[in-house]
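Here is the structure we will look at.
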Amino acid sequence: MRASTALCRAAFGAVWLLALIVAPVTCAGIEIADYDFSGSIGIEGRWYPEAALFPGQRDHASGFVLEPEFYVEDSAGRSFTLAPFFRLDAADTRRTHVDIREAYLLLFGGLGDHDWELRLGVDQIFWGVVESQRLVDIINQVDFVEHPDGTAKLGQPMAHGTLSGDWGVLELFALPYHRARTFPGRRGRLRLPLVIDDDNIRYESAAERWHLDFAARYSNSFGPVDVGLSVFDGTNREPAVQLDFTPGGDLNLVQYYTQIRQFGLDAQLTLGPWLLKLEAIQRAGSLNLPGREENYVATVVGGEYSFYSIFESVADLTLFGEWHYDDRGRDAPPSRAPGTFENELFTAARLAFNDVQSTEITASFIGDLGRSSHSLAVGLDRRLAENWSLHLEAIVLLGIDKEDIHYYTRRDSFIELNLSYNF
Amino acid sequence: MVRIYPVRSKALLVTRCLSLLACLCASLYTAAENPTPEEIGLNIARATDKRAQGYGNFTARQTMVLRNKQGQESTRSLRVKVLEVEGDGDKSLFVFDEPRDVEGTAFLIHAHKVEADDQWLYLPALKRVKRISSSNRSGSFMGSEFSYEDMGAQELEKYTYRYLRDEACGELTCTVIERVPTDRKSGYSRQVVWQDRDELRTWKVEYYDRKDAHLKTLTMVNYEQHLDSYWYAGHMMMVNHLTGKSTDLTWSEYQFRTDLNERDFTQTGLKRVR
């Protein structure tokens with residue numbers, strides 16, 4: 001099992017390596033006009049104060065993270081970016097992982113009244129406007145072992161072309177390879193009673209992970225309104241988790257990825273201190289919690305409001321409110337701990353001190369309007385010295401309804417401390 | 001980026017400006033037409049604005065040294081790209097190099113003459129472009145003593161003007177003008193500006209807060225002429241009299257009329273910045 005995984009990873013690595021070699025070679029003989037080496041190295045400790053629910057689970061997750069970034073640019077403005085990612089975790093071997101977050105060649109220029117841009121390689125794409133979940137955002141797979149908030153993403157191989165003009169911005173994506181979501185291992189927290197198999201990934205398409213996915217996005221600004229319309233056709237990024245048996249006859253949880261088509265809309269209205277936001281998707285082809293195919297509509301509406309220079313200081317206070325809706329109701333599969341986003345309210349406040357250390361405190365609360373599931377997140381960010389920065393956060397699962405699949409994670413509240421050196 | 005700035009002159013306009021100044025002075029001292037202080041102030045601001053036009057675009061590096069009351073220092077390093085836009089406010093792009101934890105963060109402003117500016121922030125860790133509110137006029141820029149409104153384009157239409165007096169400033173003679181922000185969200189009730197009469201360079205600005213207390217003083221030195229026309233200050237010192245904090249801003253690596261164009265100041269361009 002492990003050997004085959006290693007083999008798969010080696011093959012995958014080889015493809016990437018090839019891209020890395022081919023890209024610079026195509027640039028060979030071209031004068032390097034600019035280069036940069038930057039990044040960060042961090043030590044991190046996560047502590048789960050409550051006793052684990054399942055045997056083997058540890059009370060901590062600690063280790064280090066290395067994220068270097070290399071950049072070269074030639075005299076014509078063509079550039080190549082390489083950003084690998086390394087995490088070592090002392091508790092969960094599944095959380096110890098390596099990824100290529102970015103490795104792409106970037107070309108751009110003008111074409112009459114139009115501008116074009118082409119990115120070839122592994123990249124990260126962000127779509128959307130809201131803060132509390134990634135609804136329309138679909139290009140990259142979630143690196144779930146990094147953090148249950150789903151913000152960290154795995155690098156996605158792609159060809160990404162952009163054409164823009166007075167009429168707006170049109171982006172086209174060809175995505176030749178699927179990345180499976182990362183899940184915690186036996187010693188990890190925030191998981192189901194069984195560990196999700198990461199060796200045998202199942203796909204609806206016969207092409208499996210090599211299915212060629214397509215996506216497109218059109219965006220434009222009309223005064224204070226920014227609008228994005230997107231479509232994705234290909235392999236789902238959210239797995240359906242299916243119960244099965246291993247060849248040895250043990251129970252096993254298997255990831256299954258269907259073919260989906262998703263239409264997305266994201267919009268923001270910027271009015272003085274108000275940002276009003278909307279995201280909505282219509283998705284066909286994905287499986288619901290009972291395992292049946294169900295087309296559905298989901299949306300997030302909300303906004304943020306900022307108070308500047310409060311109490312005659314230089315500090316700013318921003319309040320956030322967002323409501324999530326999924327028309328599958330209780331059949332919506334879990335997206336992220338502890339929520340399913342079927343009918344949830346997110347409220348948050350961020351206090352930015354605007355001091356020399358860029359100190360920021362955030363507090364957020366997310367609660368299910370139908371069930372008794374709710375959680376609290378508190379965070380502190382502060383620069384300690386020119387190169388050192390501190391991140392402290394606590395995720396408190398105040399209560400999880402017995403009906404929720406996340407009931408299994410009810411004892412997985414945690415406190416995390418991260419100290420980074422940025423170079 | 002402190003387009004308080006560098007007063008720039010355009011060779012072609014010099015004659016016209018000089019004659020305008022001559023007229024101004026004539027009217028001042030002979031009181032022939034009896035222009036009001038407001039008219040004189042506006043005329044000088046117009047002449048200054050005209051001189052600043054025609055530079056096209058430029059890139060430069062800014063180094064900020066932030067000092068607190070105890071003298072502790074902290075450094076900010078950023079690159080600035082500015083594109084002149086005919087008939088509207090300029091487009092500016094700030095890219096942070098230091099402190100290193102915000103490296104690659106970029107801030108794009110499309111300034112407008114009358115209506116609110118448009119602003120976007122690029123967050124490299126998330127690869128996210130976020131349109132942000134431009135209501136935060138008086139907030140601190142990167143923890144410095146410069147506010148967002150100090151860093152934004154100083155469009156002619158953003159103030160009303162009033163001529164106060166002429167007085168000596170060093171070896172030069174300066175015109176002293178009071179300007180009042182038209183934006184109600186501005187953190188200032190008024191500003192007093194010292195400009196030399198020869199080249200219309202700004203040497204000093206006093207900022208008064210909403211309670212009319214003398215909040216800050218900006219001093220600009222090390223003027224250099226670029227493209228044989230435009231005078232830009234190489235060094236700016238902002239002192240906050242209420243907190244005792246100060247920020248020294250040094251400009252370097254000026255490059256004018258580079259290959260920058262509109263596409264570098266779009267949301268797609270913002271994701272490309274280094």
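Given that compact globular proteins tend to follow 2.2 N^0.38 Å, what is the ratio of the alpha-carbon Rg of the stretch B:78-155 to that value?
The reported ratio for this selection is 1.08.
Couplings for the stretch A:178-183, taken from phi via the Karplus curve 6.51 cos²θ - 1.76 cosθ + 1.60 with θ = phi - 60°, read 9, 9, 7, 5, 8, 10 Hz in order; Gly and Pro are left as x.
Counts of other chain beta carbons within 10 angstrom of each beta carbon in peptide B:92-103 average 4. Computed over neighbours whose Cβ is under 13 Å from that of A:Leu384, the net charge equals -1, Lys and Arg +1, Asp and Glu -1.
Just the number, please: Stokes-Einstein D of the stretch B:29-80 in µm²/s, Kirkwood Rh from C-alpha pairs, 37 °C, 0.692 mPa s.
This corresponds to a translational diffusion coefficient of 212 µm²/s.
Counted over the stretch A:341-423 with a bin width of 10 Å, the fraction of Cα pairs per bin, in whole percents, is 17, 38, 26, 16, 4.
For peptide B:121-133, the mean count of partner chain Cβ atoms within 10 Å of a residue's Cβ comes to 5. Computed from the C-alpha gyration tensor, the three semi-axes of the ellipsoid equivalent to the stretch A:190-286 are 38, 17, 8 Å, from longest to shortest. In whole percents, the pair-distance distribution calculated for the stretch B:88-233 from its alpha-carbon pairs, binned every 5 Å from zero, is 2, 8, 15, 19, 19, 16, 12, 6, 3, 1, 0.
At each listed q (0.22, 0.24, 0.26 Å⁻¹), what is the log10 of I(q)/I(0) that the Debye formula gives for the stretch A:155-227 modelled as equal alpha-carbon point scatterers? Log10 of I(q)/I(0), two decimals: -0.97, -1.06, -1.14. Summary of the geometry: the stretch B:151-204 and the stretch A:257-320, compared by the centres of their Cα atoms, lie 44 Å apart. Altogether, the Stokes-Einstein calculation at 37 °C and 0.692 mPa s, with the Kirkwood radius of the stretch A:104-144 over Cα pairs as Rh, returns a diffusion coefficient of 257 µm²/s.
As a ratio to 2.2 N^0.38 Å, the alpha-carbon radius of gyration computed for the stretch A:374-421 takes the value 1.54. Shown here are the Rg and Dmax of the Cα trace of the stretch A:264-423, at 18.5, 57 Å.
Counted by Cβ distance under 12 Å from A:Pro68, the other residues give a net charge of -3, where Lys and Arg count +1 and Asp and Glu count -1.
Computed from the Cα positions only, the extents of the stretch A:229-297 along the three principal axes stand at 62, 24, 18 Å, in decreasing order.
Applying the Karplus relation 6.51 cos²θ - 1.76 cosθ + 1.60 with θ = phi - 60° to the stretch B:163-177 yields 3J(HN,Hα) values of 6, 9, 6, 10, 8, 6, 9, x, 8, 9, 10, 10, 8, 10, 10 Hz, where x marks Gly and Pro. Direction-averaged projected area, Cα convex hull, the stretch A:39-130: 9.5 nm², rounded to one decimal. Distance from the C-alpha centroid of the stretch A:356-423 to that of the stretch B:231-274: 35 Å, rounded to the whole angstrom. Short to long, the 10 Å bins of the Cα pair-distance histogram for the stretch A:275-340 hold 18, 35, 22, 15, 8, 2 percent of all pairs.
Between amide H atoms placed 1.01 Å from N, distances below 5 Å from A:Thr96 occur with A:Asp89, all of them 5 or more places distant or on a separate chain. Springs between Cα atoms under 10 Å define the GNM used for chain B, and in it the highest mean-square fluctuation of B:Ala153, B:Ala213, B:Ala52 occurs at B:Ala213. Inverting the pair-averaged 1/r between distinct Cα atoms of chain A gives 23.2 Å as its Kirkwood hydrodynamic radius.
For the stretch A:81-211, state the semi-axes of the equivalent ellipsoid (square roots of 5 times the eigenvalues of the alpha-carbon gyration tensor), sorted largest first and rounded to whole angstrom.
In descending order, the three semi-axes are 33, 16, 15 Å.
Counting Cβ atoms of other protein chains within 10 Å of each residue's Cβ and taking the mean over peptide B:261-273 gives 4. Simple rule: put +1 on each Lys or Arg Cβ and -1 on each Asp or Glu Cβ in the protein assembly as shown, find the dipole, and look at B:Leu218, B:Ala153, A:Phe183; the Cα lying farthest toward the positive end is A:Phe183. Take the alpha-carbon centre of the stretch B:106-149, take the same for the stretch A:38-104, and report the distance between them in whole Å. So the separation of the two Cα centres works out to 30 Å.
Under 5 Å between amide hydrogens, built in the peptide plane, is the criterion, and for B:Lys113 it picks out B:Gly89 among residues at least 5 positions away or on other chains. Its residues counted as N, the stretch A:49-94 yields a C-alpha radius of gyration over 2.2 N^0.38 Å of 2.01. Cβ-to-Cβ counts within 10 Å put A:Ser79, A:Ser358 in ascending order as A:Ser358, A:Ser79, the fewest first. Seen from A:Phe173, the other residues with C-beta closer than 10 Å to its C-beta sum to a net charge of -1, counting Lys and Arg as +1 and Asp and Glu as -1. Per the Cα gyration tensor, the stretch A:350-396 maps to an equivalent ellipsoid with semi-axes of 30, 11, 4 Å, ordered largest to smallest.
Do the alpha carbons of any pairs in B:Lys50/B:Lys130; B:Lys50/B:Lys271; B:Lys50/B:Lys158; B:Lys69/B:Lys211; A:Lys277/B:Lys127 sit beyond 25 Å of each other, and which pairs? Don't skip to the end; give the middle numbers.
On the way: B:Lys50/B:Lys130 34 Å; B:Lys50/B:Lys271 33 Å; B:Lys50/B:Lys158 15 Å; B:Lys69/B:Lys211 23 Å; A:Lys277/B:Lys127 19 Å.
Beyond 25 Å between Cα atoms: B:Lys50/B:Lys130; B:Lys50/B:Lys271.
Over all pairs of different C-alpha atoms in chain B, the reciprocal of the mean inverse distance, the Kirkwood hydrodynamic radius, equals 19.3 Å.
Over all pairs of different C-alpha atoms, the stretch B:167-228 has a mean inverse distance whose reciprocal, the Kirkwood radius, equals 12.8 Å.
The numbers here are math on the coordinates, done by the rules we state, and not lab data. Nothing here was measured: the structure is a model prediction, and the numbers come from that model. We place every Cβ from the backbone using ideal geometry, glycine too, and count neighbours over all the protein chains shown.
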